[in-house]
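Notes to accompany the following structure.
The values are calculated or read from the model by the stated rules, or taken from the named source; none is laboratory data. Quantities reported herein were computed from a predicted structural model and do not represent experimental measurements. Here the Cβ is made from the backbone with ideal geometry for all residues, glycine too, and neighbour counts use every protein chain on show.
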Amino acid sequence: MSTTILGSDGKPRCCWCDAAPEFLHYHDTAWGFPVSDDHRLFEKLSLESFQSGLSWRTILAKRENFRAAFHDFDFDRIARFTQCDLNRLLKDEGIVRHRDKIEAVINRYIH
């Protein structure tokens, strides 16, 4: 069995990206690409944490909501999050509202 598929545009891609329409763009623009920007790296690590136990498709569908909720993963801003921010995130239906996962991203900066 081949590990690649030929897309409608003639480009070979990993076979997993054929499972959902949103995977194609992710495959072509993000998956497997090196990241040199600290905020993008923090985003990738954070989203991977949120994905634990869930499908990646769920996280991709909510990615823009995560970016808005976490101020484009600006870790300097996140480091100043307060209990009010945690409460806001726990009520945000656009993201995964799992307290431990949210606190992992905030890194328990809340005092």
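Table for the structure above
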read-out: Filter pass, Trp56 being under 9 Å from the mean Cα position of the chain (by Cα) and either surrounded by fewer than 16 Cβ atoms within 10 Å (Cβ to Cβ) or among the aromatic types (Phe, Trp, Tyr) (or both); value: yes
read-out: Test: residue in segment 16-33 that is more than 25 Å from Ile5 (Cα to Cα), more than 12 Å from the chain's Cα centre (by Cα) and among the small types (Gly, Ala, Ser); value: no
read-out: Test: residue in segment 14-36 that is of a type in the set (Asp, Glu) and in contact with a strand residue (DSSP E or B) (Cβ under 6 Å, 6 or more places away or on another chain); value: yes
read-out: In segment 9-51, the residues that are at pLDDT 85 or above, small (Gly, Ala, Ser) and either surrounded by 14 or more Cβ atoms within 10 Å (Cβ to Cβ) or under 17 Å from Lys62 (Cα atoms) (or both); value: Ala30, Ser46, Ser49
read-out: Residue match in segment 3-13 (condition: outside the structural domain of Asn87 (by TED's automatic domain parsing), of a type in the set (Val, Ile, Thr) and touching a residue at least 12 places away in the same chain (Cβ under 8 Å)); value: yes
